[in-house]
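Reviewing the structure listed below.
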């Protein structure tokens, strides 16, 4: 049985210029002013909390996980995912690293993206094809927008 093992960060940490944070807080302040003018104090509080959470998440260092893959299971850290729980897979080839996209069979496990680091995508594909159908996935607008905004 073929088994691949690799280590990768849970997400790519984009390099953010300090102006990114300044822009975040200027936008938040402008929205708070609009909310106060409209006497929507709950919105003002929500905007401040949302901006603070975005700021915290933006400086969070990604955790490094160990991944392993065989014809039956994908293991991420201590958690096992049975490949029979997925309908299809697709490998996105990106400049900053390839990503394995898995589409789940149920609503609770609808989508999973796994960084492949320096893994050979042909070997990954051959292992997955034993259990899961390869089908092209499209990136969600949320993922595209997050990458554009360096999130």
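The table below gives the values:
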{"read-out": "Of residues in segment 127-144 being without any contact (Cβ under 8 Å) to a residue 40 or more places away in the chain and farther than 19 Å from residue 62 by Cβ, the one surrounded by the fewest Cβ atoms within 10 Å (Cβ to Cβ)", "value": "141"}
{"read-out": "Any hit, segment 116-136, residues being farther than 17 Å from residue 3 by Cβ and under 17 Å from the mean Cα position of the chain (by Cα)", "value": "no"}
{"read-out": "Whichever residue in segment 1-19 is out of contact with any strand residue (DSSP E or B) (no Cβ under 9 Å at 6 or more places or on another chain), modelled with pLDDT of 80 or more and assigned to a loop (DSSP other than H, G, I, E, B) and, among such residues, is nearest to residue 56 (Cα to Cα)", "value": "16"}
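The values are calculated or read from the model by the stated rules, or taken from the named source; none is laboratory data. Just so we're clear, the structure is a prediction, and the values are computed from it rather than from any experiment. Cβ: placed from backbone, ideal geometry, glycine included. Neighbour counts: every protein chain shown.
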